[in-house]
Structures are given as structure tokens and as C-alpha cells.
1. Across the stretch 289-331, what is the number of residues that are part of a helix (DSSP H, G or I), of a type in the set (Gly, Ala, Ser) and either touching a Phe, Trp or Tyr at 6+ places or on another chain (Cβ under 9 Å) or closer than 24 Å to Gly401 by Cβ (or both)?
2. Which one of these is more than 32 Å from the chain's Cα centre (by Cα) and within 22 Å of Glu288 (Cα to Cα): Val355, Val418, Val372?
3. Yes or no: Arg384 modelled with pLDDT of 90 or more and not in a helix (DSSP H, G or I)?
4. For the condition under 30 Å from Leu64 (Cα atoms) and modelled with pLDDT under 80, what is the one hit in Ser116, Ser112?
5. Can you tell me which residue among Gly412, Gly352 is in contact with a Pro (Cβ under 8 Å, 6 or more places away or on another chain) and on the phi > 0 side of the Ramachandran plot?
6. Pairs please, first residue from the stretch 299-310 and under 16 Å from Leu327 (Cα atoms), second anywhere and among the β-branched types (Val, Ile, Thr) and assigned to a loop (DSSP other than H, G, I, E, B), Cβ atoms under 9 Å, 6+ apart in sequence or on different chains.
7. Looking at the stretch 88-105, I want the residues that are among the basic types (Lys, Arg) and have a partner that is at pLDDT below 70 and surrounded by fewer than 17 Cβ atoms within 10 Å (Cβ to Cβ) with Cβ atoms under 9 Å, at least 6 apart or on another chain. Which pairs are those?
8. If I ask for residues that are closer than 13 Å to Ala332 by Cα and either in contact (Cβ under 8 Å) with a residue 40 or more places away in the chain or over 46 Å from the mean Cα position of the chain (by Cα) (or both), which ones from the stretch 288-298 would you list?
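The values are calculated or read from the model by the stated rules, or taken from the named source; none is laboratory data. Keep in mind it's a predicted model, so treat the numbers as computed, not measured. When we count neighbours, we look across all protein chains shown, and the Cβ atoms used for this are built from the backbone with ideal geometry, even at glycine.
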Amino acid sequence: MKRLFIRFYAGVLAILVAAWFIQAFVFSRAFREAGKPFEDVFAGGLRSARALLESSPEPRAAALKTLQAKFDFPVAIVPTTDLPEAARERYQVAGGVAMYAADGLNFAISLSDPSSSLKIGPIPGPRGPSQTDLLLSMGALLVLVAGAIAFLLAPISRQLRRLEATAAALANGDFSARVDIRKAPSLRTLAGVLNHMASRIESLLNNQRDMLHAVSHELRTPLSRIGFAIDLLRSEAGEEQREDRLTAVEQAALEMDLLVAELLRFAKWEAAPPESRDEDVDVASLVEAALESQAPLHPAIELSVGECPAPDAVSLRGDRVAIERVLGNLLANAGRFAAHRVIVECRVTAAGLIVDVDDDGPGIAPGDRQRVLEPFVRLGDSGRGAGLGLALVRRIVVHHGGQIEILDSQLGGCRARVRWPACRVHTALPAANSGASADTH
């Protein structure tokens, strides 16, 4: 606060000093210009006085004394070189007559001998403030400026201290600390940025903690199965039994590999979305490819397409890999919980593209529909996945400017609806409903 006050105070003083010099310069020029009318008024009297002085038969000193008797102001003959430079310059433009200020107003006129001038004055003028008055007024001004600066800086200083306290709390590990924006109106933007940063750091740390917990929890099961299978391998004598145990080890290793890959993908999108390489993705081809890739993973589930644009009719602008992962994760999640059927539908509206993935599974209770979109949240069977599929979908969709919501499905289970914004949807033809159900088993 002290350094801020000193900097503001020094800045204001510098402005005042600069203003004083500018004012002095302007007034000096104005005074020189204002002197010309006075010179014109007094020129006649000065010439008369010069004529009386130079035409007098008396000696110069006596003539000067006689001339002095006719004036109420001092009259003297002075060397022209003793006059101020400004007065000598005025001689050149005012016909040998000049007015200047020195202890009052003075008027001078050159004599026949240019080295001498007749000077009348000083003529007393209005008295200005004394030096004491000037010092007192300057001191009062400085005190007033200091008080005004302190008054104006006081609320900003309090707000800065609040920001400093919040930053110190964050530095000490309290990531729940926030700045009350209502108490920092002058620093609202800075406080908002600090709060956003704190929320982001808190979210990242919480997700990191949850991820570490999930990794340790999820890897424990396949590692235990691998260890158990290895112990059995040592005791098994038959070749067929050994093959069964090796298959179990391979499945556990594959499960671990898939889990780690899922965790890495989520961590990458959580920390900072990768650089997007947008391209136009044909919606019909996207749906068909997703169904083909998911069908072998869910052989007992009927995966089909309902309402959907015709091939090459509608394209979605975005990161192809990320968009494919969205639909793949939604189908994988639906196939995991479906009883018999999963249906994908796509349609274009004025707001953009809507993609629905319906299943006939147990569904999701309304109170859990927002929570299930958070990372590491699993409902029901805790052994199904790491709880990252829908969380990753939400991050990708939000990154592309869209939305995801969980609704009730007409099949009796869950409907995952993704809304892609209109700015990313391009229609080559009017949205067409294929009508035909392209089934993949």
C-alpha cells in the first residue's frame, strides 16, 4: 500500500509541476502580447517626455530633475544594455518603446543616443501573494492531494489485500479459498480470473486424487487375478489347464491395458483438450462405423439405426477421432447395460444435430443423471468400467460447443442425448430419414 501510494503521489506531483510550467509559459506569452496596447497608450507620453528632456537647454541632470517633477513615478536615464532582453527586443517592433515587468510595470523609450534609454517606473501594480502565502498554499495543496489519493486508494487497497489473502491461501494448499467478488467491485475481472483458476486447480487436484484412487482400486482386481493364475500355473500339470490359466492372464492384462488407456485419454482431456484438427465427418458413415466396431463386443445385443440422415447428406465439423470416441463410448455404455436392444438416431434441427442412443436396460434414476456424467462415478454394478466413459464424452462434447443429457428411453431404459451446435452442422441435402433399419448383430 505504501509503495502504491508513493507512486500515485509522485505521479500526481509530476503532473502538477508540468501543469505549472505550462501555465507559466502560457502566461508569459500572454503578458508579452498584452503589453502592446499599454505601449501604444503610453507611447505618446513617452515621446513627449523624451522631447522635453532632449530639447531642454539645461544640463541633462537638471532637465531630468525637471521632468521628474512632472511625474508621480520614478524617471531615470539608464543604459539600454541594462534593460531586460525582452524589452530590447520590443524596441525593434514597437518603434523604440517597450514595457516590461520588474518590481512593477516599467516603460522605456530609446533616446537619440541608442546606448541610453529613458525609463519611467516602476509603477506599482496590484500586489501578488507573498512568499509565505505561496508556501502555505502549496503545502495545503500537497496535503489535499495526499488526502485525496489516500481516500481513493483505500478501497482498492482493501480489495487487493483480499486478493492477496486468497492467493496466499491457495499457495498454502487451501484450494477452496475464493474471493468474494461483491467485496472487490473495482477488481471484479481479476477476482473472477483468480476464482476460476482456483476452481480449475481444485478440480484438477480432486480428479487427480480420484484417478489415483481409481487406478489403485481398478488395477487391484486384474493384478490379483494374474497373481492367482500364476500360482495355479505352478501347480497345474495338465496342458489344457495351463492354457486356461494363460488365457485368464491374457484377459486380465487386456483389461488392465484398456483401463490404463481409458485413464490416459480422460487425463489428457481433463488437463487440456488436445489441439483440435477439425474436419467434416459424414454422420451416416460415422454411425455405421461405430455400430460395426461395437457389434463384436456385444454379440447378444441388437444394435440398430433408427431415424438418421442419408449418406453424404449431413456432416459434422470437428475432431474426427474425438467425435468417433463420443459415439463409441455412448454405444459401449448402452451395450453394457442393455438387455436386448440399442438404437441410434440422428436428426437435424434448427439448433443443430441431435444424436440419441437408446437402450432397454434398467435406466438411470433422475437424481443420478447429472452425477453419472462426473468422472469415476459408477451406478449399480461396480465392476463395469472405471466410470470415465460418459465423463470423457461430456468433455469432448462441451469442447465442441455441444451438450449431453440423460433422459428416459422409449425402450424403457436410458437415452443419452448429445446436441451438436448448428455452427458445426453442414447439410448438403435436406435431412433425410433413411427409414430402413440397418441392423448389425
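1. Taking the stretch 289-331 first, the residues part of a helix (DSSP H, G or I) are 289-297, 320-331.
Next, from what is left, pick out any that are of a type in the set (Gly, Ala, Ser): 289-290, 293, 295, 322, 328.
Still in the list and also either touching a Phe, Trp or Tyr at 6+ places or on another chain (Cβ under 9 Å) or closer than 24 Å to Gly401 by Cβ (or both): 289-290, 322, 328.
So the count comes out to 4.
2. Values: Val418 fails: more than 32 Å from the chain's Cα centre (by Cα); Val372 fails: within 22 Å of Glu288 (Cα to Cα).
One residue alone meets the criteria, Val355.
3. Working: modelled with pLDDT of 90 or more: no; not in a helix (DSSP H, G or I): yes.
So Arg384 does not fit the description; no.
4. Details: Ser116 fails: modelled with pLDDT under 80.
The conditions single out Ser112.
5. Result of the check over Gly412, Gly352: Gly352.
6. That search, which allows pairs on different chains as well, returns nothing.
7. Arg90/Arg32; Arg90/Lys36
8. First, the residues of the stretch 288-298 that are closer than 13 Å to Ala332 by Cα: 290-298.
Correct list: Ala290, Leu291, Glu292, Gln294, Ala295, Pro296, Leu297, His298.
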